[in-house]
Amino acid sequence: MARRYDSSTTTFSPEGRLHQVEYAIEAINNAGTCVGILAKDGVVMASEKKVTSSLLAPAKSSEKTYKLCQHAACNVAGLTADANILIDQARLRAGRYAYQYCEAIPVEQLVEHVCNYKQAYTQYGGLRPFGVAFLFAGYDTHYGFQLYQSDPSGNYSGWKATVIGANNQAGKSFLKNEYGAKKEDEDEKMKGCEE
Amino acid sequence: KYQVQISEARKMSILEYNGAAIIAMGGKDCVGIACDTRLGAQAQTVSCDFRKVFKMNDRTFVGLAGLATDVLTMNNLLKFRQNLYELREERQLTPKVFSNLLSNLLYEKRFGPYFIEPVVAGLDENNKPFLSGMDLIGAPVYTDDFVVSGTATANMYGMCETLYKKDMEPEELFETLSQALLASVDRDALSGWGAVVHIVTKDGVISRELKGRRD
């Protein structure tokens, strides 16, 4: 059945699915939750850090939140090793854009670049997709504060509030009810979400 | 080599086309770096506010003398690389590391170089002065007294050698640096038309504009 269409990333199944991409998305559902909420004066992101062992040396920096440039950052859910590659790509892209145009890269363009990079691993090369989902948050003069979510397929969309990682379905339905009630109270919602 | 010839003008080295004068000097737990502000097209003066010293971070300054387009490009390139370093390493660039980065970037273009001769000045982790100068392909020289670069280097070497003293305090360093620069550019047609001096100490930077001869 679906088995024989599993191994190759670059082959559709008869039902029109890319199984490798879907399995990658499954891998992320076991990772630490990340919540992102867009407010009128900024974006709030919160992440759950999974402590796997008390023997682990204290991390020099976060394994969840990364600065991409002066005006954008991202939160990661999934394989940290895969994420590091993509974050470096994003930083290079933002830097090269600023070098070429002497202007800050619009947030959506940065997101699209990372996503295009991810998409290539679902269509060429026989390599597996990246097992990472991102929440991108940033500001630019064109659209103000923005929040984007992306997944291993290379697909992305803009959100007012969203959740990735473990229990994201529960988180999303919570946000669906709560969001918009009082936009300023992100902390309340964040706490609610983490539960 | 690297010569330009515009009609009704004599042959000139490409490094002298725009004109520049930069001095960096070390003091007691402080550094100073100064530049002129002239931008010319050979004999014609085009701007009197073209600064050639750029702040990379609170402790690192770079002065870029030479062809103006390369000065601006190198500044952008350095900002790009510095930004990448700070994002990846989550710490600031020290002057020594910055100097090595610059040297490396210049040598990458060994057979088609940037026409600049930079000067790096800053304070290291212990607030001790760091100075370095290099040629257009990145050969560095490290000193603790002074480094000069530009079209008036002969003048600047003479002035610095005469006026320099070890362990000057920031105020005295400013005076020395200013006098050395002003006197040097007055005898050079291609530099001058204003000057800027930055004095860097652990407590911060003080930048002053000098009023000099505008000819």
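The values are calculated or read from the model by the stated rules, or taken from the named source; none is laboratory data. None of these values were measured; they are calculated from a predicted model. When we count neighbours, we look across all protein chains shown, and the Cβ atoms used for this are built from the backbone with ideal geometry, even at glycine.
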List every residue pair whose Cβ atoms sit under 8 Å apart, with the two residues 6 or more apart in sequence or on different chains, where the first one lies in the range A:113-125 and is among the aliphatic types (A, V, I, L, M) and the second, anywhere, is part of a helix (DSSP H, G or I). A:VAL114/A:LEU86; A:VAL114/A:GLN89; A:VAL114/A:ALA90; A:VAL114/A:ARG93
Out of all the residues in the range A:36-47, is one or more closer than 22 Å to A:TRP159 by Cα and within 14 Å of chain B (Cβ to nearest Cβ)? no
If you check A:ALA83 against the conditions, is it buried (at least 17 other Cβ atoms within 10 Å of the Cβ) and either more than 12 Å from every other protein chain (Cβ to nearest Cβ) or not in a helix (DSSP H, G or I) (or both)? yes
Taking only the range B:128-144 into account, find how many residues are touching a Gly at 6+ places or on another chain (Cβ under 6 Å) and outside any strand (DSSP E or B). 1
In this structure, is A:LEU18 more than 14 Å from every other protein chain (Cβ to nearest Cβ), surrounded by 14 or more Cβ atoms within 10 Å (Cβ to Cβ), over 18 Å from the mean Cα position of the chain (by Cα) and hydrophobic (A, V, I, L, M, F, W, C)? yes
Checking A:TYR117 against (1) in a loop (DSSP other than H, G, I, E, B); (2) away from every other protein chain (no Cβ under 14 Å), which single condition isn't satisfied? (1)
Given the conditions (1) touching a residue at least 60 places away in the same chain (Cβ under 8 Å); (2) closer than 17 Å to A:ILE28 by Cα, and given that A:ASN84 satisfies all but one, which numbered condition is not satisfied? (1)
Contacts under 9 angstrom Cβ, first residue in the range A:56-74 being within 12 Å of chain B (Cβ to nearest Cβ), partner loosely packed, with under 14 Cβ neighbours inside 10 Å, 6 or more apart: A:ALA59/A:LYS49; A:LYS60/B:GLU90; A:SER61/B:GLU90; A:SER62/A:LYS49; A:LYS67/B:GLU90
For residues that are surrounded by 14 or more Cβ atoms within 10 Å (Cβ to Cβ) and farther than 19 Å from B:ASN155 by Cα, scanning just the range B:59-71, find the one that is modelled with the lowest pLDDT. B:ARG59
Taking the range A:96-111 only, how many residues are more than 14 Å from every other protein chain (Cβ to nearest Cβ) and buried (at least 17 other Cβ atoms within 10 Å of the Cβ)? 4
